[in-house]
1. Could you tally the net charge around Glu361, taking each other residue with its Cβ under 13 Å from the Cβ of Glu361, Lys/Arg +1 and Asp/Glu -1?
2. ³J(HN,Hα) across the stretch 19-36 via Karplus (A = 6.51, B = -1.76, C = 1.60, θ = phi - 60°), whole Hz, x for Gly/Pro?
3. Based on the Cα gyration tensor of the stretch 90-235, what are the three equivalent ellipsoid semi-axes, each the root of five times an eigenvalue, rounded to whole Å and given largest first?
4. As an exercise, use a Förster radius of 45 Å and the Cβ-Cβ distance of Thr388 and Ala179 to find the FRET efficiency, rounded to the nearest 0.05.
5. If I model a spin label as a point 7 Å beyond the Cα along the Cα-Cβ vector, how far apart are those points for Glu140 and Ala233 in nm?
6. Among 405-412, 175-182, what's the highest-first ranking by average C-beta atoms within 10 angstrom per residue?
7. If the only charges are +1 at each Lys and Arg Cβ and -1 at each Asp and Glu Cβ, what is the size of the charge dipole of the stretch 472-581 around the Cα centre, to the nearest 20 debye?
8. Fully extended, how many nm does the chain gain between Asp430 and Arg148 (0.36 nm per residue separation, minus their Cα-Cα distance)?
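The values are calculated or read from the model by the stated rules, or taken from the named source; none is laboratory data. Here the structure is a predicted model, which means the values were calculated and not measured. FYI the Cβ positions are ideal-geometry reconstructions off the backbone, even for glycines, and counts take in every protein chain you see. Keep in mind that these areas ignore ligands, DNA and RNA; they rest on the heavy atoms of the full protein, side chains included. Shrake-Rupley method; radii C 1.70, N 1.55, O 1.52, S 1.80 Å.
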Amino acid sequence: MLDHLIRSATVVDGTGAPARVADVGIRDGRIAVIAEPGAAAAPETARTSEDAHGLVLAPGFVDPHTHYDAQLFWDPYATPSLNHGVTTVAGGNCGFTLAPLHPDRPEDADYTRRMMSKVEGMSLVSLEEGAPWTWSSFGEYLDALEGRIAVNAGFMVGHCALRRYVMGADAVGGQPTPAQLDQMLRLFHDAMDAGAWGLSTTQSSTHSDGDGQPVASRHARPEELLALSRAVAEHEGTQLEAIVAGCLDQFSDAEIDLLVEMSAAAGRPLNWNVLTVDAAVPDRVPRQLVPSERAREAGGRVVALTMPILTPMNMSLGTFCALNLIPGWGDILGLPVPERIAKLRDPDVRAEMLRRADSKEAGVFRRLARFDRYVIGDTYAERNEGLTGRVVADIAAERGQDPFTCLVEICAADGLRTVLWPMPTDNDPDSWALRAETWRHEDVLLGGSDAGAHLDRMCGAPYTTRFLGDCLRGRGLVGLEQAVKMLTDDPARLFGLRERGRIAEGHHADLVLFDPERIDAGKATLVHDLPGDSPRLDSKAIGVTAVWVNGVEVIREDVVTGAVPGRVLRSGRDTRTVSTK
(Lines give C-alpha, C1' and ligand atoms only; values in the text may rest on other atoms or scores of the structure.)
Protein backbone atom coordinates (compact mmCIF):
# COMPACT_ATOMS: atom_id res chain seq x y z
CA MET A 1 0.00 0.00 0.00
CA LEU A 2 1.15 3.52 -0.80
CA ASP A 3 1.40 6.12 1.95
CA HIS A 4 0.14 8.85 -0.37
CA LEU A 5 -0.97 9.09 -3.99
CA ILE A 6 -0.82 12.35 -5.94
CA ARG A 7 -3.15 11.90 -8.91
CA SER A 8 -3.03 13.60 -12.33
CA ALA A 9 -0.29 16.09 -11.49
CA THR A 10 1.70 17.89 -14.17
CA VAL A 11 5.06 16.38 -13.32
CA VAL A 12 8.15 18.51 -13.96
CA ASP A 13 10.83 16.06 -12.90
CA GLY A 14 13.87 18.35 -12.54
CA THR A 15 15.84 16.95 -15.48
CA GLY A 16 14.61 19.54 -17.95
CA ALA A 17 12.44 16.96 -19.71
CA PRO A 18 9.01 18.07 -20.95
CA ALA A 19 6.27 18.11 -18.34
CA ARG A 20 3.81 15.22 -18.38
CA VAL A 21 0.64 14.34 -16.52
CA ALA A 22 1.17 11.41 -14.16
CA ASP A 23 0.26 9.81 -10.86
CA VAL A 24 3.04 9.79 -8.27
CA GLY A 25 2.94 7.40 -5.33
CA ILE A 26 4.95 7.74 -2.10
CA ARG A 27 5.95 4.87 0.17
CA ASP A 28 8.39 4.82 3.11
CA GLY A 29 9.75 8.27 2.31
CA ARG A 30 10.55 7.46 -1.30
CA ILE A 31 8.92 7.89 -4.67
CA ALA A 32 7.54 4.41 -5.21
CA VAL A 33 5.80 4.77 -8.55
CA ILE A 34 5.32 7.22 -11.43
CA ALA A 35 2.71 6.16 -13.92
CA GLU A 36 0.09 7.30 -16.38
CA PRO A 37 -3.02 8.68 -14.67
CA GLY A 38 -5.03 5.83 -13.22
CA ALA A 39 -2.33 3.24 -13.84
CA ALA A 40 -0.32 3.63 -10.63
CA ALA A 41 -2.92 2.47 -8.16
CA ALA A 42 -6.52 3.04 -7.22
CA PRO A 43 -7.05 5.74 -4.59
CA GLU A 44 -8.25 3.11 -2.12
CA THR A 45 -4.85 1.37 -2.30
CA ALA A 46 -3.19 4.42 -0.74
CA ARG A 47 -3.63 5.57 2.83
CA THR A 48 -4.29 9.08 1.54
CA SER A 49 -4.63 10.57 -1.93
CA GLU A 50 -5.39 13.85 -3.63
CA ASP A 51 -6.38 15.09 -7.04
CA ALA A 52 -3.65 17.37 -8.41
CA HIS A 53 -5.24 18.08 -11.79
CA GLY A 54 -3.92 21.41 -13.10
CA LEU A 55 -1.17 21.58 -10.49
CA VAL A 56 2.58 21.20 -11.05
CA LEU A 57 4.52 18.61 -9.05
CA ALA A 58 8.24 19.37 -8.88
CA PRO A 59 11.18 18.13 -6.84
CA GLY A 60 11.75 20.05 -3.64
CA PHE A 61 13.94 23.07 -4.21
CA VAL A 62 17.57 23.09 -3.03
CA ASP A 63 18.92 26.37 -1.61
CA PRO A 64 22.74 26.31 -1.92
CA HIS A 65 23.50 29.27 0.34
CA THR A 66 21.75 29.75 3.68
CA HIS A 67 22.59 30.61 7.27
CA TYR A 68 19.99 28.52 9.09
CA ASP A 69 22.69 27.17 11.44
CA ALA A 70 21.09 28.75 14.52
CA GLN A 71 17.48 29.32 13.44
CA LEU A 72 16.79 25.60 13.01
CA PHE A 73 16.93 25.23 16.79
CA TRP A 74 13.98 27.54 17.40
CA ASP A 75 12.39 27.15 13.99
CA PRO A 76 12.84 23.56 12.74
CA TYR A 77 10.78 24.47 9.67
CA ALA A 78 13.35 26.91 8.28
CA THR A 79 10.63 29.41 7.51
CA PRO A 80 9.98 30.98 5.17
CA SER A 81 12.15 28.80 2.90
CA LEU A 82 10.09 25.67 3.53
CA ASN A 83 6.87 27.54 2.72
CA HIS A 84 8.37 28.44 -0.65
CA GLY A 85 9.14 24.82 -1.55
CA VAL A 86 12.74 24.55 -0.31
CA THR A 87 13.27 21.05 1.09
CA THR A 88 17.09 21.03 1.31
CA VAL A 89 19.32 23.82 2.60
CA ALA A 90 23.11 24.20 2.64
CA GLY A 91 24.37 25.98 5.75
CA GLY A 92 27.69 26.81 7.35
CA ASN A 93 28.57 29.26 4.60
CA CYS A 94 30.93 32.26 4.45
CA GLY A 95 33.35 30.79 7.00
CA PHE A 96 30.83 30.99 9.87
CA THR A 97 29.56 28.05 11.91
CA LEU A 98 28.46 27.53 15.49
CA ALA A 99 30.88 24.62 15.91
CA PRO A 100 33.40 23.48 16.87
CA LEU A 101 33.60 25.29 20.20
CA HIS A 102 36.45 24.76 22.68
CA PRO A 103 35.03 22.94 25.73
CA ASP A 104 37.33 24.76 28.15
CA ARG A 105 36.58 28.28 26.89
CA PRO A 106 32.90 29.17 27.38
CA GLU A 107 33.73 32.69 26.24
CA ASP A 108 34.16 31.33 22.71
CA ALA A 109 30.41 30.74 22.45
CA ASP A 110 29.77 34.35 23.45
CA TYR A 111 32.32 35.53 20.88
CA THR A 112 30.62 33.39 18.20
CA ARG A 113 27.17 34.75 19.04
CA ARG A 114 28.35 38.35 18.87
CA MET A 115 30.17 37.66 15.61
CA MET A 116 27.10 36.06 14.01
CA SER A 117 24.94 38.93 15.21
CA LYS A 118 27.25 41.48 13.59
CA VAL A 119 28.35 39.76 10.40
CA GLU A 120 25.14 37.89 9.51
CA GLY A 121 22.57 40.23 11.02
CA MET A 122 21.11 37.69 13.45
CA SER A 123 19.37 38.79 16.64
CA LEU A 124 21.79 38.45 19.56
CA VAL A 125 18.91 37.76 21.94
CA SER A 126 17.64 35.00 19.65
CA LEU A 127 21.10 33.46 19.44
CA GLU A 128 21.42 33.54 23.22
CA GLU A 129 17.94 32.25 24.04
CA GLY A 130 17.01 30.14 21.03
CA ALA A 131 19.92 27.69 20.68
CA PRO A 132 21.14 25.26 23.36
CA TRP A 133 24.90 25.74 22.86
CA THR A 134 25.52 22.30 24.36
CA TRP A 135 28.02 21.05 21.79
CA SER A 136 31.78 21.18 21.47
CA SER A 137 32.67 19.16 18.37
CA PHE A 138 31.14 19.67 14.95
CA GLY A 139 29.68 16.17 15.14
CA GLU A 140 27.91 17.06 18.39
CA TYR A 141 26.43 20.12 16.70
CA LEU A 142 25.06 17.95 13.87
CA ASP A 143 23.72 15.45 16.40
CA ALA A 144 21.90 18.25 18.21
CA LEU A 145 19.87 18.88 15.04
CA GLU A 146 19.29 15.26 14.10
CA GLY A 147 15.67 14.15 14.29
CA ARG A 148 14.20 17.58 15.05
CA ILE A 149 14.17 19.48 11.74
CA ALA A 150 11.59 19.63 8.97
CA VAL A 151 14.04 20.29 6.13
CA ASN A 152 17.09 18.38 4.96
CA ALA A 153 20.19 20.32 5.95
CA GLY A 154 23.89 19.95 5.23
CA PHE A 155 26.64 22.10 6.70
CA MET A 156 30.12 23.22 5.75
CA VAL A 157 32.72 23.78 8.51
CA GLY A 158 33.43 27.45 9.10
CA HIS A 159 37.10 28.39 8.94
CA CYS A 160 36.57 31.02 11.65
CA ALA A 161 35.42 28.39 14.13
CA LEU A 162 38.39 26.14 13.35
CA ARG A 163 40.82 29.00 13.93
CA ARG A 164 39.12 30.15 17.14
CA TYR A 165 39.11 26.62 18.59
CA VAL A 166 42.83 26.12 17.98
CA MET A 167 44.21 29.65 18.41
CA GLY A 168 41.79 31.26 20.84
CA ALA A 169 41.83 35.06 20.74
CA ASP A 170 45.00 34.92 18.59
CA ALA A 171 42.81 33.67 15.72
CA VAL A 172 42.11 37.34 15.03
CA GLY A 173 45.37 38.87 13.88
CA GLY A 174 47.64 35.87 14.40
CA GLN A 175 49.19 33.10 12.33
CA PRO A 176 49.12 29.44 13.39
CA THR A 177 52.32 27.72 14.37
CA PRO A 178 53.04 24.46 12.49
CA ALA A 179 51.66 22.57 15.51
CA GLN A 180 48.50 24.69 15.53
CA LEU A 181 47.98 24.16 11.81
CA ASP A 182 48.28 20.42 12.35
CA GLN A 183 45.73 20.64 15.15
CA MET A 184 43.42 22.67 12.90
CA LEU A 185 43.68 20.01 10.20
CA ARG A 186 42.93 17.21 12.69
CA LEU A 187 39.89 19.14 13.92
CA PHE A 188 38.78 19.65 10.33
CA HIS A 189 39.17 15.96 9.49
CA ASP A 190 37.12 15.07 12.58
CA ALA A 191 34.34 17.39 11.40
CA MET A 192 34.27 15.86 7.93
CA ASP A 193 34.34 12.36 9.39
CA ALA A 194 31.20 13.40 11.30
CA GLY A 195 29.51 14.50 8.07
CA ALA A 196 30.53 18.09 7.38
CA TRP A 197 30.28 18.96 3.69
CA GLY A 198 33.70 20.62 3.52
CA LEU A 199 35.29 23.99 4.15
CA SER A 200 33.80 27.47 4.02
CA THR A 201 36.00 30.52 4.42
CA THR A 202 35.96 34.27 3.96
CA GLN A 203 38.58 36.85 3.06
CA SER A 204 35.98 39.54 2.45
CA SER A 205 36.69 43.05 3.71
CA THR A 206 33.00 43.36 4.68
CA HIS A 207 33.18 40.62 7.33
CA SER A 208 33.98 41.90 10.83
CA ASP A 209 33.33 40.33 14.22
CA GLY A 210 31.38 41.68 17.19
CA ASP A 211 34.39 43.76 18.23
CA GLY A 212 34.63 45.35 14.79
CA GLN A 213 37.80 43.40 13.93
CA PRO A 214 38.32 41.38 10.74
CA VAL A 215 36.96 37.87 11.36
CA ALA A 216 39.49 35.11 12.02
CA SER A 217 39.69 33.56 8.55
CA ARG A 218 40.55 36.94 7.00
CA HIS A 219 43.97 36.62 8.65
CA ALA A 220 44.71 33.26 7.01
CA ARG A 221 47.48 33.17 4.41
CA PRO A 222 47.21 31.18 1.19
CA GLU A 223 49.31 28.31 2.52
CA GLU A 224 46.80 27.75 5.35
CA LEU A 225 43.86 27.85 2.95
CA LEU A 226 45.56 25.40 0.59
CA ALA A 227 46.40 23.02 3.43
CA LEU A 228 42.73 22.94 4.42
CA SER A 229 41.72 22.53 0.77
CA ARG A 230 43.98 19.52 0.39
CA ALA A 231 42.32 18.03 3.47
CA VAL A 232 38.94 18.28 1.75
CA ALA A 233 40.25 15.96 -0.96
CA GLU A 234 40.58 13.13 1.57
CA HIS A 235 36.84 12.87 2.20
CA GLU A 236 34.02 11.68 -0.02
CA GLY A 237 31.23 14.00 -1.06
CA THR A 238 32.86 17.23 0.05
CA GLN A 239 32.99 20.80 -1.24
CA LEU A 240 34.56 24.23 -0.86
CA GLU A 241 32.84 27.57 -0.42
CA ALA A 242 34.83 30.80 -0.33
CA ILE A 243 34.16 34.51 -0.13
CA VAL A 244 36.75 37.12 -1.10
CA ALA A 245 36.48 40.89 -1.34
CA GLY A 246 36.10 40.77 -5.12
CA CYS A 247 32.91 38.72 -4.90
CA LEU A 248 31.01 41.99 -4.50
CA ASP A 249 32.37 43.62 -7.64
CA GLN A 250 35.36 42.29 -9.58
CA PHE A 251 38.10 39.85 -8.58
CA SER A 252 41.72 40.86 -8.32
CA ASP A 253 44.33 38.69 -10.02
CA ALA A 254 45.43 37.36 -6.63
CA GLU A 255 41.88 36.39 -5.72
CA ILE A 256 41.44 34.54 -8.99
CA ASP A 257 44.67 32.63 -8.34
CA LEU A 258 43.52 31.74 -4.82
CA LEU A 259 40.10 30.41 -5.84
CA VAL A 260 41.58 28.36 -8.66
CA GLU A 261 44.36 26.92 -6.50
CA MET A 262 41.97 26.00 -3.68
CA SER A 263 39.62 24.11 -5.99
CA ALA A 264 42.45 22.38 -7.82
CA ALA A 265 44.14 21.39 -4.54
CA ALA A 266 40.90 19.87 -3.25
CA GLY A 267 39.82 18.36 -6.54
CA ARG A 268 36.37 19.56 -5.56
CA PRO A 269 33.95 22.25 -6.75
CA LEU A 270 34.22 25.63 -5.05
CA ASN A 271 31.24 27.97 -5.04
CA TRP A 272 31.19 31.65 -4.21
CA ASN A 273 28.46 34.21 -3.51
CA VAL A 274 27.14 36.31 -5.16
CA LEU A 275 27.49 37.28 -8.84
CA THR A 276 25.76 40.64 -9.31
CA VAL A 277 24.56 41.17 -12.88
CA ASP A 278 24.10 44.75 -14.05
CA ALA A 279 24.13 45.89 -17.67
CA ALA A 280 25.55 49.24 -16.49
CA VAL A 281 28.74 47.36 -15.54
CA PRO A 282 29.22 45.15 -18.62
CA ASP A 283 32.74 44.02 -17.76
CA ARG A 284 31.76 42.55 -14.38
CA VAL A 285 30.32 39.20 -15.50
CA PRO A 286 33.21 38.30 -17.82
CA ARG A 287 35.71 39.17 -15.10
CA GLN A 288 33.85 37.19 -12.43
CA LEU A 289 33.81 34.09 -14.63
CA VAL A 290 37.57 34.11 -15.22
CA PRO A 291 38.14 31.87 -12.15
CA SER A 292 35.74 29.33 -13.64
CA GLU A 293 37.62 29.26 -16.93
CA ARG A 294 41.00 29.07 -15.22
CA ALA A 295 39.85 26.37 -12.79
CA ARG A 296 38.70 24.12 -15.63
CA GLU A 297 42.21 24.31 -17.08
CA ALA A 298 43.81 23.59 -13.68
CA GLY A 299 41.67 20.59 -12.80
CA GLY A 300 39.23 22.40 -10.53
CA ARG A 301 35.79 23.94 -10.82
CA VAL A 302 34.67 27.36 -9.55
CA VAL A 303 30.92 28.03 -9.54
CA ALA A 304 29.30 31.45 -9.18
CA LEU A 305 25.97 31.75 -7.36
CA THR A 306 23.60 34.40 -8.65
CA MET A 307 20.08 35.38 -7.67
CA PRO A 308 17.30 35.20 -10.31
CA ILE A 309 15.32 37.95 -8.60
CA LEU A 310 16.03 41.37 -7.15
CA THR A 311 15.90 41.09 -3.37
CA PRO A 312 15.18 44.41 -1.69
CA MET A 313 17.37 45.18 1.33
CA ASN A 314 16.45 48.02 3.64
CA MET A 315 18.96 50.49 5.02
CA SER A 316 19.24 52.61 8.13
CA LEU A 317 21.47 55.39 9.38
CA GLY A 318 20.82 54.13 12.91
CA THR A 319 21.90 50.48 12.88
CA PHE A 320 24.60 48.49 11.13
CA CYS A 321 23.81 47.82 7.46
CA ALA A 322 25.45 47.88 4.03
CA LEU A 323 25.87 51.66 4.24
CA ASN A 324 28.48 51.07 6.96
CA LEU A 325 30.54 49.17 4.39
CA ILE A 326 30.99 52.14 2.06
CA PRO A 327 34.61 53.32 2.44
CA GLY A 328 34.81 56.06 5.08
CA TRP A 329 31.20 55.66 6.21
CA GLY A 330 31.74 53.12 8.99
CA ASP A 331 33.57 55.58 11.26
CA ILE A 332 30.73 58.09 11.05
CA LEU A 333 27.86 55.62 11.27
CA GLY A 334 29.53 53.92 14.22
CA LEU A 335 29.41 57.06 16.40
CA PRO A 336 26.87 57.45 19.22
CA VAL A 337 23.57 58.66 17.77
CA PRO A 338 23.77 62.33 18.89
CA GLU A 339 27.34 62.65 17.53
CA ARG A 340 26.33 60.78 14.39
CA ILE A 341 23.46 63.17 13.71
CA ALA A 342 25.74 66.18 14.23
CA LYS A 343 28.29 64.77 11.78
CA LEU A 344 25.62 63.91 9.20
CA ARG A 345 24.24 67.44 9.39
CA ASP A 346 27.68 68.89 8.57
CA PRO A 347 27.69 69.82 4.83
CA ASP A 348 31.41 69.14 4.50
CA VAL A 349 31.05 65.68 6.06
CA ARG A 350 28.15 64.84 3.74
CA ALA A 351 30.12 66.01 0.70
CA GLU A 352 33.07 63.77 1.64
CA MET A 353 30.75 60.82 2.30
CA LEU A 354 29.19 61.22 -1.13
CA ARG A 355 32.61 61.51 -2.75
CA ARG A 356 33.77 58.27 -1.13
CA ALA A 357 30.51 56.51 -2.00
CA ASP A 358 30.92 57.39 -5.68
CA SER A 359 34.59 56.37 -5.85
CA LYS A 360 35.92 53.24 -7.53
CA GLU A 361 36.95 51.84 -4.14
CA ALA A 362 33.28 51.67 -3.15
CA GLY A 363 32.75 48.94 -5.75
CA VAL A 364 29.25 47.52 -5.83
CA PHE A 365 28.24 49.75 -2.90
CA ARG A 366 28.25 52.72 -5.30
CA ARG A 367 24.69 51.85 -6.16
CA LEU A 368 23.64 52.66 -2.57
CA ALA A 369 24.57 56.32 -3.06
CA ARG A 370 21.57 57.06 -5.31
CA PHE A 371 19.68 58.68 -2.44
CA ASP A 372 17.15 60.27 -4.77
CA ARG A 373 15.90 56.72 -5.47
CA TYR A 374 15.32 55.76 -1.83
CA VAL A 375 11.78 55.08 -0.64
CA ILE A 376 10.92 56.03 2.92
CA GLY A 377 9.74 53.06 4.99
CA ASP A 378 8.66 53.13 8.64
CA THR A 379 8.91 56.52 10.35
CA TYR A 380 8.40 57.53 13.99
CA ALA A 381 8.39 61.33 14.41
CA GLU A 382 5.23 63.40 14.02
CA ARG A 383 6.98 65.69 11.54
CA ASN A 384 7.63 62.63 9.30
CA GLU A 385 3.97 61.62 9.19
CA GLY A 386 2.82 60.88 5.66
CA LEU A 387 6.31 60.23 4.27
CA THR A 388 6.12 56.42 4.32
CA GLY A 389 6.09 55.06 0.78
CA ARG A 390 7.32 58.30 -0.78
CA VAL A 391 10.45 58.67 -2.90
CA VAL A 392 13.19 60.91 -1.52
CA ALA A 393 13.61 62.71 -4.87
CA ASP A 394 10.04 64.00 -4.66
CA ILE A 395 10.34 65.07 -1.03
CA ALA A 396 13.67 66.79 -1.70
CA ALA A 397 12.20 68.71 -4.63
CA GLU A 398 9.35 69.96 -2.46
CA ARG A 399 11.80 71.08 0.23
CA GLY A 400 14.40 72.55 -2.10
CA GLN A 401 17.12 70.24 -0.75
CA ASP A 402 19.55 67.85 -2.34
CA PRO A 403 18.44 64.21 -1.82
CA PHE A 404 21.09 63.22 0.74
CA THR A 405 20.46 66.30 2.88
CA CYS A 406 16.73 65.61 2.72
CA LEU A 407 17.22 61.98 3.71
CA VAL A 408 19.48 62.92 6.63
CA GLU A 409 16.92 65.40 8.00
CA ILE A 410 14.11 62.84 7.79
CA CYS A 411 16.22 60.27 9.62
CA ALA A 412 17.47 62.77 12.20
CA ALA A 413 13.88 63.63 13.11
CA ASP A 414 13.33 59.95 13.88
CA GLY A 415 16.50 59.64 15.94
CA LEU A 416 17.93 57.70 12.96
CA ARG A 417 15.32 54.90 13.30
CA THR A 418 13.83 55.55 9.85
CA VAL A 419 13.67 52.50 7.58
CA LEU A 420 14.99 53.21 4.08
CA TRP A 421 14.39 51.15 0.94
CA PRO A 422 16.74 51.86 -2.00
CA MET A 423 15.12 51.21 -5.36
CA PRO A 424 17.17 48.82 -7.51
CA THR A 425 19.33 50.39 -10.18
CA ASP A 426 19.50 47.22 -12.28
CA ASN A 427 15.83 46.50 -13.01
CA ASP A 428 16.14 47.42 -16.70
CA PRO A 429 15.52 45.17 -19.74
CA ASP A 430 19.23 45.03 -20.63
CA SER A 431 20.15 43.76 -17.16
CA TRP A 432 17.47 41.08 -17.30
CA ALA A 433 18.63 39.98 -20.74
CA LEU A 434 22.19 39.77 -19.41
CA ARG A 435 20.96 37.67 -16.47
CA ALA A 436 19.23 35.20 -18.78
CA GLU A 437 22.41 34.89 -20.81
CA THR A 438 24.56 34.47 -17.68
CA TRP A 439 22.32 31.71 -16.28
CA ARG A 440 23.21 29.54 -19.27
CA HIS A 441 26.89 29.40 -18.29
CA GLU A 442 27.92 25.93 -17.05
CA ASP A 443 29.54 27.40 -13.94
CA VAL A 444 26.69 29.68 -12.87
CA LEU A 445 24.12 28.39 -10.39
CA LEU A 446 20.98 30.02 -9.03
CA GLY A 447 21.20 30.79 -5.31
CA GLY A 448 22.55 33.19 -2.75
CA SER A 449 19.41 33.79 -0.71
CA ASP A 450 21.30 34.22 2.60
CA ALA A 451 18.11 32.83 4.19
CA GLY A 452 18.45 32.82 7.95
CA ALA A 453 20.70 35.90 7.94
CA HIS A 454 20.18 39.68 7.79
CA LEU A 455 16.75 38.91 9.16
CA ASP A 456 15.38 42.44 9.55
CA ARG A 457 17.10 43.78 6.44
CA MET A 458 16.15 41.41 3.64
CA CYS A 459 14.13 38.33 2.79
CA GLY A 460 15.84 36.30 0.05
CA ALA A 461 14.25 32.96 0.95
CA PRO A 462 11.26 33.34 -1.46
CA TYR A 463 13.47 33.55 -4.57
CA THR A 464 12.16 30.15 -5.67
CA THR A 465 8.47 31.00 -5.94
CA ARG A 466 9.08 34.54 -7.17
CA PHE A 467 11.39 33.25 -9.92
CA LEU A 468 8.85 30.63 -11.03
CA GLY A 469 6.07 33.20 -11.07
CA ASP A 470 8.23 35.48 -13.22
CA CYS A 471 9.01 32.62 -15.60
CA LEU A 472 5.36 31.59 -15.95
CA ARG A 473 3.57 34.94 -15.95
CA GLY A 474 6.22 37.65 -16.04
CA ARG A 475 9.34 38.08 -18.16
CA GLY A 476 9.38 34.43 -19.20
CA LEU A 477 13.16 34.39 -19.49
CA VAL A 478 13.27 30.63 -18.85
CA GLY A 479 10.70 27.92 -19.52
CA LEU A 480 9.09 26.05 -16.64
CA GLU A 481 11.03 22.82 -17.10
CA GLN A 482 14.38 24.59 -17.21
CA ALA A 483 13.48 26.88 -14.30
CA VAL A 484 12.64 23.88 -12.12
CA LYS A 485 15.88 22.15 -13.12
CA MET A 486 17.84 25.26 -12.11
CA LEU A 487 16.22 25.17 -8.65
CA THR A 488 16.46 21.42 -8.06
CA ASP A 489 18.69 19.12 -10.05
CA ASP A 490 21.44 21.67 -10.76
CA PRO A 491 22.23 22.44 -7.10
CA ALA A 492 21.69 18.78 -6.14
CA ARG A 493 24.29 17.74 -8.73
CA LEU A 494 26.77 20.40 -7.55
CA PHE A 495 26.60 19.07 -4.00
CA GLY A 496 26.49 15.44 -5.09
CA LEU A 497 23.21 14.83 -3.24
CA ARG A 498 22.28 11.18 -3.39
CA GLU A 499 18.84 10.49 -4.88
CA ARG A 500 17.53 14.02 -4.48
CA GLY A 501 16.77 16.83 -6.91
CA ARG A 502 14.63 14.79 -9.32
CA ILE A 503 11.28 13.06 -9.39
CA ALA A 504 12.37 9.51 -10.12
CA GLU A 505 11.33 6.14 -8.76
CA GLY A 506 13.47 5.26 -5.76
CA HIS A 507 14.44 8.86 -5.03
CA HIS A 508 13.64 10.52 -1.72
CA ALA A 509 10.16 12.03 -1.86
CA ASP A 510 11.10 15.69 -1.50
CA LEU A 511 8.29 17.33 -3.47
CA VAL A 512 6.47 20.61 -3.97
CA LEU A 513 2.98 20.88 -5.47
CA PHE A 514 2.00 24.30 -6.80
CA ASP A 515 -0.51 26.16 -8.92
CA PRO A 516 1.25 27.54 -12.03
CA GLU A 517 -1.42 30.22 -12.36
CA ARG A 518 -0.68 31.62 -8.90
CA ILE A 519 2.84 30.66 -7.83
CA ASP A 520 4.55 33.73 -6.37
CA ALA A 521 5.86 35.29 -3.17
CA GLY A 522 4.09 37.88 -1.09
CA LYS A 523 5.55 41.22 -0.08
CA ALA A 524 8.13 41.09 2.69
CA THR A 525 6.61 42.20 5.99
CA LEU A 526 8.17 42.70 9.40
CA VAL A 527 7.09 40.21 12.08
CA HIS A 528 8.24 39.74 15.68
CA ASP A 529 8.37 35.97 16.07
CA LEU A 530 12.00 35.29 16.98
CA PRO A 531 13.11 34.42 20.53
CA GLY A 532 12.98 37.59 22.59
CA ASP A 533 10.32 38.98 20.20
CA SER A 534 13.10 40.07 17.86
CA PRO A 535 12.01 41.18 14.38
CA ARG A 536 12.54 39.60 11.00
CA LEU A 537 11.16 39.98 7.49
CA ASP A 538 8.77 37.26 6.35
CA SER A 539 7.04 36.55 3.05
CA LYS A 540 3.97 34.46 2.41
CA ALA A 541 4.06 31.77 -0.25
CA ILE A 542 1.36 32.14 -2.88
CA GLY A 543 0.08 29.18 -4.88
CA VAL A 544 2.03 26.49 -3.01
CA THR A 545 -0.45 23.71 -2.30
CA ALA A 546 1.82 21.32 -0.40
CA VAL A 547 5.43 20.42 0.35
CA TRP A 548 6.73 16.97 1.31
CA VAL A 549 10.12 16.18 2.86
CA ASN A 550 11.16 12.53 2.78
CA GLY A 551 7.59 11.60 1.94
CA VAL A 552 5.99 13.45 4.86
CA GLU A 553 3.75 16.48 4.35
CA VAL A 554 5.32 19.51 6.03
CA ILE A 555 3.40 22.38 4.40
CA ARG A 556 -0.23 22.57 3.33
CA GLU A 557 -1.51 25.88 1.92
CA ASP A 558 1.38 27.88 3.43
CA VAL A 559 0.88 26.41 6.93
CA VAL A 560 3.41 24.12 8.59
CA THR A 561 2.00 20.75 9.65
CA GLY A 562 4.32 20.30 12.62
CA ALA A 563 6.05 17.22 11.20
CA VAL A 564 9.87 17.11 11.38
CA PRO A 565 10.96 14.47 8.85
CA GLY A 566 14.06 16.35 7.69
CA ARG A 567 17.52 14.84 7.91
CA VAL A 568 20.97 16.15 8.61
CA LEU A 569 22.70 15.31 5.32
CA ARG A 570 26.21 14.07 6.01
CA SER A 571 29.04 13.95 3.51
CA GLY A 572 29.78 10.55 2.08
CA ARG A 573 26.59 8.95 3.39
CA ASP A 574 24.22 11.45 1.76
CA THR A 575 26.57 13.02 -0.80
CA ARG A 576 28.88 11.59 -3.40
CA THR A 577 32.09 13.12 -4.68
CA VAL A 578 31.57 15.47 -7.61
CA SER A 579 34.51 15.24 -9.96
CA THR A 580 36.15 18.41 -11.22
CA LYS A 581 37.82 16.62 -14.12
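1. On the way: positive: Arg355, Arg356, Lys360, Arg366; negative: Asp249, Asp358.
Surrounding charge for Glu361 is +2.
2. 5, 8, 7, 7, 8, 10, x, 10, 8, 6, x, 10, 7, 8, 7, 10, 8, 4
3. Values: eigenvalues 91, 72, 38 Å².
Three semi-axes, in Å: 21, 19, 14.
4. Details: r = 58 Å, r/R0 = 1.30.
Efficiency, rounded to the nearest 0.05: 0.15.
5. 3.3 nm
6. Values: 405-412: 21.6, 175-182: 14.0.
So the peptides 405-412, 175-182, ranked by packing, come out 405-412, 175-182.
7. 580 debye
8. Numbers: separation 282, 0.36 × 282 = 101.52 nm, distance 4.53 nm.
Length difference between fully extended and current span is 97.0 nm.
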